[in-house]
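The values are calculated or read from the model by the stated rules, or taken from the named source; none is laboratory data. The structure presented is a predicted model; accordingly, all values stated were derived computationally and were not measured. Note that we place each Cβ from the backbone using ideal geometry, even for glycine, and neighbour counts take in every protein chain shown.
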Amino acid sequence: MSFADLQPAVVDKPLSATLRSRLLRLLPFLGPAFVASIAYIDPGNIAMAVQAGSRFGTMLIWVVIASNAAAMLIQSLAAKIGIATGHSLAELCREYFPVPVVWVMWVVGELAAVATDLAEFIGAAIGFQLLFGLPLLYGGLLTALATWLIISLEHRGVRSLEAVIGGLLAVVAGCYLVELVFGQPDWADVTFHALVPKLADSESLLLAAGILGATVMPHAIFLHSALTQYRIVGHTDAERQTIYRYELVDITIALSIAGLVNAAMLIMAATAFYRHGLHNIATIEDAYQSLAPLLGSAASVVFGIALLTAGISSSAVGTLAGQLLMQGFIHREIPLWLRRVVTILPALLVIALGIDPTNALVLSQVALSFALPFALVPLVWFTSQAPLMKGLRNHWLTTVAASLVTVAIITLNVALIVQEFS
């Protein structure tokens, strides 16, 4: 869609337009950030929240808030690339970087997508098991079918896919709102730990890295740049800047919802488990079983619905992201059904070998944190280049902030490596 196509109905309305008119003006630009935001509330986030909340209470809520703020900044840069250049981040890497570097980045990106899908797929399978008593293998097969049905909506247009993903996001958000009502958290304690950064020991550092990896996800960066490149095309700097301003609204709304859901996940775990002396809730299954006697059977059912919904929706988005990575980096693609089959194999292997699924979820989120620099470094570099970005080039303060986020993530990863070897 061209930006000019929107002008008669949307863009040329006066500044004094009614609220309804302003909403109508905004609607064509909403969607990409909602699809990307699903990656921020997947079962890996739930697993991290359960372990962090039960072990340390609300102490790590500041990590959730900081990670979400970083995610907003990063996703704004990812959206900016697609709007300014008409290319995705992966396509720009293919165009500007040496071939060996591109292939390494593609492999790392695919591994990150597989790690993501591992968390999402197993999480949804656990959701089927908890709610309906199905074996994990059957739940996994149902997850594969459900994600395929969602992905197939792409053939009906991206709007249909965005609408379904947005609806699933609303379901997860609603579930955790209900959980907070059941739990009745101590908001003074939540506020204190939201404002005062603190880490207790090496375990809290590991969980902080997992929260970061589960929130600022590499495949979501590549995905968002691809979703904005063709959606609404601006032909002048002024048009592209206007599109970008609307996209910032999209990002703010979508990631604010995702951030609140992430915070609610951790607060729920802290309220339900840590406050009652259950400091070693190590698995999602334990959390589900423990919620009923603590907060009532309805709370455990709502938790299961949120887990299942988050797993199915994020798995579909992860499959789409993997396809766009391949198209961007090496200019190849495979049928989506084949990619779905390939990416579910690691999850089915984990299930078949009897590996603790929650531990697999947590470790997959830590792995994502290690893949982040391969997306962040080129993202910051490209968006700071005036010849490429033109009127949407980063302000120097934006580049500094994004660089500091990248350095912080890399430093955290190095600290984790040192900790593991020592």
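Those helices (runs of 4 or more DSSP H) of the stretch 342-422 in which 3 or more residues are more than 22 Å from TRP106 (Cα to Cα) and at pLDDT 75 or above occupy 386-389, 396-421. Scanning the stretch 229-288 for residues that are polar (S, T, N, Q) and closer than 20 Å to SER300 by Cα yields a total of 4.
Let's see how each residue does on (1) polar (S, T, N, Q); (2) surrounded by fewer than 18 Cβ atoms within 10 Å (Cβ to Cβ):
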residue	(1), (2)
THR85	yes, no
CYS93	no, no
VAL101	no, yes
MET105	no, no
GLY109	no, no
ALA113	no, no
THR116	yes, no
GLU120	no, no
GLY123	no, no
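Here PHE56 passes the criteria (1) buried (at least 22 other Cβ atoms within 10 Å of the Cβ); (2) modelled with pLDDT under 85 except the one numbered (2).
Only one entry in LEU141, LEU177 is part of a helix (DSSP H, G or I), more than 16 Å from the chain's Cα centre (by Cα) and over 25 Å from ILE251 (Cα atoms), namely LEU141.
Kindly indicate whether ALA9 is at pLDDT 85 or above and either assigned to a loop (DSSP other than H, G, I, E, B) or not charged (D, E, K, R) (or both). No, not satisfied.
Rundown of residues vs (1) touching a Lys or Arg at 6+ places or on another chain (Cβ under 8 Å); (2) among the hydroxyl-bearing types (Ser, Thr, Tyr); (3) farther than 20 Å from GLN51 by Cβ, yes/no style:
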{"position": "SER297", "(1), (2), (3)": "no, yes, yes"}
{"position": "ILE305", "(1), (2), (3)": "no, no, yes"}
{"position": "ILE312", "(1), (2), (3)": "no, no, yes"}
{"position": "ALA316", "(1), (2), (3)": "no, no, yes"}
{"position": "LEU320", "(1), (2), (3)": "no, no, yes"}
{"position": "PHE329", "(1), (2), (3)": "yes, no, yes"}
{"position": "ILE334", "(1), (2), (3)": "no, no, yes"}
{"position": "LEU338", "(1), (2), (3)": "no, no, yes"}
{"position": "ALA352", "(1), (2), (3)": "no, no, yes"}
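Looking at ILE232, ILE243, ILE221, just one residue is within 25 Å of THR309 (Cα to Cα) and either of a type outside the set (D, E, K, R) or modelled with pLDDT under 90 (or both), and that residue is ILE221. Out of ILE305, ILE330, I need the residue that is in contact with a helix residue (DSSP H, G or I) (Cβ under 7 Å, 6 or more places away or on another chain), at pLDDT 85 or above and within 30 Å of VAL181 (Cα to Cα). Which one? The unique qualifying residue is ILE305. Of all the criteria given as (1) crowded, with 18+ Cβ neighbours inside 10 Å; (2) farther than 26 Å from VAL414 by Cβ; (3) of a type in the set (Ser, Thr, Tyr), the one not satisfied by SER256 is (1). Between LEU142, LEU130, LEU168, the distinction of being on the phi < 0 side of the Ramachandran plot, without any contact (Cβ under 8 Å) to a residue 60 or more places away in the chain and in contact with a helix residue (DSSP H, G or I) (Cβ under 6 Å, 6 or more places away or on another chain) belongs to LEU142 only.
Take the stretch 149-161 and flag every residue that is surrounded by fewer than 19 Cβ atoms within 10 Å (Cβ to Cβ) and within 19 Å of the chain's Cα centre (by Cα).
Result: VAL158, single match.
Just one of the listed residues (ALA269, ALA194, ALA208, ALA264) is closer than 21 Å to LEU73 by Cα and surrounded by 24 or more Cβ atoms within 10 Å (Cβ to Cβ), namely ALA208. Close Cβ contacts (under 6 Å, 6 or more residues apart or on different chains) running from residues in the stretch 174-189 that are closer than 16 Å to MET265 by Cβ and modelled with pLDDT of 85 or more to residues that are part of a helix (DSSP H, G or I) and among the polar types (S, T, N, Q) comprise PRO185/THR271.
Out of the residues in the stretch 228-240 meeting the condition of being in a helix (DSSP H, G or I) and crowded, with 16+ Cβ neighbours inside 10 Å, tell me which one is farthest from the chain's Cα centre (by Cα). Result: GLU239.
Scanning the stretch 190-204 for residues that are modelled with pLDDT under 90 and polar (S, T, N, Q) gives SER202, SER204.
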